[in-house]
Amino acid sequence: MVGSHVPIPHDPVERIRALRVLREVYRRGKKPSLEVTYRTVNGSTCGPYYVARWRRDSRHKRGRTLYLGKPENKSVRFVEWLVSLDREEVLELARQLMRNLRSVLKTLLTEVSDLPYKKARRILARGLALAFDARPAGSPGIRDVLEKLPDRLESFLIRTLGGWPAHYSSYLGKVIHSRRKSLDGKHEIPDVKLELERWKLRHGR
């Protein structure tokens with residue numbers, strides 16, 4: 001069992017990098033590999049930089065690479081620790097995080113809905129970063145958050161949590177976009193809850 005010794009990064013940017021790694025663990029059901037990369041800029045080689053990487057497999061046609069940055073970054077140390085655990089321990093931690101995110105996202109909605117974009121995005125980012133410490137709750141996911149956030153914040157949220165099939169964020173983004181394009185009742189306005197059920201039926205979820 002994963003205990004309270006989890007080396008959670010304190011910096012919000014580093015926490016979001018770790019969050020994205022665990023979200024991808026949850027999506028793929030497997031640990032990443034931690035790999036070193038280098039970049040060439042104007043003929044000069046820069047690095048080393050670290051990435052968390054998942055290779056494609058029979059279940060996922062595409063691999064995924066998440067940038068972590070320089071060796072001293074806390075997200076790199078977090079992933080080093082993560083890959084040292086057993087698979088079941090890693091999946092348990094990822095499941096805990098997903099439960100916490102539901103609660104965090106629901107709470108953040110009331111805090112950012114009326115704020116200027118830059119301030120709202122900063123609060124949203126910090127709130128997502130705090131998700132490691134949030135209390136799990138059985139809230140209904142991110143549908144209401146995506147429906148009510150301003151367009152640019154919605155895009156930020158989808159980029160941060162995109163590909164999270166437990167809550168269908170990318171799919172819901174398309175549904176909501178379709179709803180907003182409806183004019184004067186001339187086009188059908190999709191019911192998001194109904195669309196969710198249709199999506200789950202089509203994908204066997």
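All of the numbers you see were taken from the coordinates with simple rules; none came from a lab. Quick caveat: nothing in here was measured; it's all calculated off a predicted structure. With ideal geometry, Cβ positions are generated from the backbone for all residues, glycine too; neighbour counts draw on all protein chains shown.
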Just flag the GluC sites (Glu not before Pro) in the range 24-87 sitting in loop per DSSP whose Cβ has no more than 13 other Cβ atoms within 10 Å. 72
7 Å from Cα along Cα→Cβ at both residue 85 and residue 152: what's the point-to-point distance in nm? 3.6 nm
Count, lysine Cα pairs under 23 Å in the range 10-164, 8 or more residues apart or across chains: 10
Compute the projected area of the convex hull of the Cα atoms of the range 10-164, averaged over all viewing directions, and report it in nm² to one decimal place. 10.7 nm²
Modelled label-to-label distance, residue 30 and residue 126, 7 Å Cα→beta-carbon offset: nm? 3.9 nm
